[in-house]
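One structure is given below, encoded as structure tokens.
The values are calculated or read from the model by the stated rules, or taken from the named source; none is laboratory data. Small disclaimer: the values here were computed from a predicted structure and weren't measured. Here Cβ is always computed from backbone atoms with ideal geometry, including for glycine, and neighbour counts include all displayed protein chains.
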Amino acid sequence: MTDTRHKSLSLEKHTSTYNRILFLILQYLGYIGSVCAVRTWSGPLDRPSV
């Protein structure tokens with residue numbers, strides 16, 4: 001009984017870690033997306049066309 005409880009506890013900890021990593025990845029992708037959008041939007045203004 002204690003073994004299954006310990007297993008579920010470790011699984012819960014692993015899931016929370018996975019969620020945190022997934023959240024960080026989503027934040028990172030959102031940051032990159034916004035930066036790319038800003039660069040694309042203000043590209044012609046600050047970058048001379050070749």
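Return a yes/no flag: does region 15-24 have any residue that is in a helix (DSSP H, G or I) and at pLDDT below 80. Scanning region 15-24, I find no residue that is in a helix (DSSP H, G or I) and at pLDDT below 80, so the answer is no. The single condition among (1) at pLDDT 65 or above; (2) exposed (fewer than 10 other Cβ atoms within 10 Å of the Cβ) that M1 does not satisfy is (1).
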